[in-house]
Amino acid sequence: MKKLVREEKTAFKMVLPYLLIVVLLFVYLIGSNIYSSFTTEEGTFTLQNYTSVFTDPVVGRSMINTVFWVIGSVLGQLLLGLLVALLLNESTKGQILFRSIILILPWATLDIVAGVMWKWMYNDMYGVLNDILVKLNMINDYIPWLATENMAMISVIIANIWKGFCLSGMFFLAGLQTIPPDLYEAAEIDGANSIKRFWRITIPQLKPVIMTTLMLTVIWTINYFPLIYIMTGGGPGYGTETVVTYIYKLGFRFLEFNKAAALSNILFIAIFAIAFVFLRSIAKEEAR
Amino acid sequence: MKRSTKKKIKRSITYSLLIFLSVVIAFPFVWLILTAIKTYPDIYAYPIKYFIFEQRESTLTR
């Protein structure tokens, strides 16, 4: 290990109390969660919580829903983010204005506010989306956005794309600005057209950024709770019930804290595995 | 000459796409603000009232 400079030592000493509090808090919370997932309400050891999680049909349904939710949201967010980043990178005049409207506004809106706002816009009767789409002749009848299971899932994913694409857009924009322009000039002299330049220069140069963004977005989308809870509360039926909303419901509606703890431990392990796979592939990429 | 027109076309496509995207993306937020300054009957007006100064005879008061 490298020897620390004296100033660094002082800095570490100053950070230490805060670090200790955070670490102890995490250790205590995770420890108590693991403890309560292995005990009954009376406090005796049992595996009942885990078996009841695995036999619960709603858990399977919520996992399938989570997969759809993650695939839809992440794909949409990354593609829209990439498009916006490319456009912003091309523009010279008014970049700050467009950047603040497109990349800051949705990100700066609170989760709860965004949820209530989208719920109101999706309203069957008084919602503005139906009205605009009918006026533009894109649909003939009003769509019940949040009333049927599949449509509710699609609507929630659209809202999540709106809320979350800014992060990947910002990362991609930062990544695009680090690509040296002489690469493009050399390719242009060699006669590569813009599509070829995009696939052969932009994407490979951007790959590390894309991988990191993909990992962060996947984990955040799995864990993302407020928007879906505000908009549908897991309904209609179990149409938009993801694992996190079901954990909340189990814990604070049905008051089955031990089962909720067991399910959240399973989710934690799943997310840990996903993060591990991603981090290993990123490390491999860097080692090459 | 050909090169500069190509650049101009590219720039106009870029900016029109940017303007379109910013309108679409800012719209929910604009709608939030518009709804915030409406009165309760205006919020629940059918057909929808887009602006507060949009005068229309109410069916309820008649």
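Determine whether A:Arg6 is surrounded by fewer than 11 Cβ atoms within 10 Å (Cβ to Cβ) and among the charged types (D, E, K, R). In short, yes.
So, A:Tyr122, is that one surrounded by 19 or more Cβ atoms within 10 Å (Cβ to Cβ) and either out of contact with any Cys (no Cβ under 9 Å at 6 or more places or on another chain) or farther than 21 Å from B:Ile43 by Cα (or both) or not?
yes
Tell me whether the range A:139-152 contains one or more residues that are among the small types (Gly, Ala, Ser), free of Cβ contacts under 8 Å to residues at least 24 places away in the same chain and in a helix (DSSP H, G or I). Checking the range A:139-152: not a single residue is among the small types (Gly, Ala, Ser), free of Cβ contacts under 8 Å to residues at least 24 places away in the same chain and in a helix (DSSP H, G or I). Of the residues making up the range A:86-119, those that are under 22 Å from A:Gln177 (Cα atoms), among the basic types (Lys, Arg) and surrounded by 12 or more Cβ atoms within 10 Å (Cβ to Cβ) number 1. Within the range B:25-41, take every residue that is assigned to a helix (DSSP H, G or I) and over 19 Å from A:Ser100 (Cβ atoms) and give me the one that is nearest to the other protein chains (Cβ to nearest Cβ). It comes out as B:Thr35. Residues of the range A:41-60 that are closer than 14 Å to A:Glu256 by Cα and touching a Ser or Thr at 6+ places or on another chain (Cβ under 8 Å): A:Gln48, A:Asn49, A:Tyr50. Among the residues making up the range A:256-270, a single one is among the β-branched types (Val, Ile, Thr) and surrounded by 15 or more Cβ atoms within 10 Å (Cβ to Cβ): A:Ile266.
Of the candidates B:Ser22, B:Ser16, the single residue that is within 8 Å of chain A (Cβ to nearest Cβ), under 26 Å from A:Glu90 (Cα atoms) and at pLDDT 90 or above is B:Ser22.
Here the condition is being farther than 15 Å from A:Tyr50 by Cβ, outside any loop (DSSP other than H, G, I, E, B) and among the aliphatic types (A, V, I, L, M); of A:Ala273, A:Ala261, it holds for A:Ala273 alone.
When restricted to residues that are under 16 Å from A:Ile158 (Cα atoms) and charged (D, E, K, R), the range A:92-121 contains 2. Evaluated against (1) modelled with pLDDT of 90 or more; (2) closer than 23 Å to A:Trp118 by Cα; (3) not acidic (Asp, Glu), A:Gly239 falls short on exactly one condition, (1).
From the list A:Met121, A:Met125, the lone residue that is in contact with a Gly (Cβ under 6 Å, 6 or more places away or on another chain) and at the interface with chain B (Cβ under 10 Å from one of its Cβ atoms) is A:Met121. With respect to (1) in contact with a Leu (Cβ under 8 Å, 6 or more places away or on another chain); (2) under 21 Å from A:Ile269 (Cβ atoms), the lone exception for A:Phe12 is condition (2). Among the residues of the range A:119-131, those identified as part of a helix (DSSP H, G or I) and under 27 Å from A:Thr221 (Cβ atoms) are A:Lys119, A:Trp120, A:Met121, A:Val128, A:Leu129, A:Asn130. Could you go through the range A:165-175 and let me know if any residue there is aliphatic (A, V, I, L, M) and under 26 Å from B:Tyr50 (Cβ atoms). There is no residue in the range A:165-175 that is aliphatic (A, V, I, L, M) and under 26 Å from B:Tyr50 (Cβ atoms).
The values are calculated or read from the model by the stated rules, or taken from the named source; none is laboratory data. Everything quoted here is computed from the prediction, not taken from an experiment. All Cβ positions, glycine included, derive from the backbone under ideal geometry; neighbour counts span all protein chains shown.
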